[in-house]
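The next block holds one structure in the form of structure tokens; read it before the comments.
Bear in mind these aren't lab numbers, they're just calculated from the coordinates by the rules spelled out. As the structure is a computational prediction, the values presented were derived from the model and not from experiment. Cβ sites come from the backbone with ideal geometry, for glycine too, and all protein chains shown count toward neighbours.
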Amino acid sequence: MTDLQRNREVVDWRPDRSAAVTWNALGVVITVAGLIAFSLPMVIRSGSASGSVDVGLVELLVVVALTASLLAAHEAIHGVVMLGFGARPRFGAMLVGRVLPALFATAEGHRFGRGQYLVIAAAPTVVISGLGLVACFGPWAGYLVVPLAIHLGGCVGDWFAALHTLREPATTTCEDLRDGIRFHRVSRVAPPARVG
């Protein structure tokens, strides 16, 4: 550069044990709120908030299978969006803060613009919850409410990642790590004054 130089700083953010405990507690609250929110279409459709639920082994297995499918779909959505931004995602499982089990999609080595990374973080919440809410107006709503609520509660980590990303300057690029984010901060600074 002629009159300005670039100053680079690399900062890693990795959630610790305290963050995992906070996410877990907040996730439970959001799951309960999700149970209410995803039940509303059934109430609207039936015109009544009363009713009974019979849960047998088959129904329980369907709910467990749907929950697992939504968690896998969540990471697949992250991966598809990463792929759309030119990255080569890979997938796995880990413990957040050595406490909270989690699946992950990552693209270590690839740098996303701040806006791109926000889209990656938000996509599963928007797609799964949006489509799920619409699906809860249909006949399968009884099977979907619990898996959708659990998924929504599990999105807390993405929301915290988005909050950390929003705190970064617009010029920051974000590298997704298996267990956090590496922020590559770039600022323009005047070159040092010449002596003599």
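Structure notes:
- The value of relative contact order for the stretch 75-196, using C-alpha pairs under 8 Å at least six residues apart, is 26 percent.
- Residue list for the stretch 80-103, given a label point 7 angstrom along the Cα-to-Cβ vector of LEU177 and an amide N cut-off under 15 Å: 95-98
- A full extension of the chain between TRP140 and ALA65 corresponds to an added length of 25.6 nm, given 0.36 nm per residue minus the alpha carbon distance.
- Fully extended contour minus Cα-Cα distance, from HIS110 to ARG17, at 0.36 nm per residue: 30.8 nm
- Cα shape, the chain, gyration tensor, a/c 1.5 rule: prolate
- Available extension along the chain between LEU133 and VAL119 is 3.0 nm, counting 0.36 nm per residue and deducting the alpha carbon span.
- Derived scalar couplings ³J(HN,Hα) [the stretch 100-117; Karplus, 6.51 cos²θ - 1.76 cosθ + 1.60; whole Hz; x for Gly, Pro]: 9, x, 8, 8, 9, 10, 9, 9, 4, x, 9, 9, 9, x, 4, x, 4, 5
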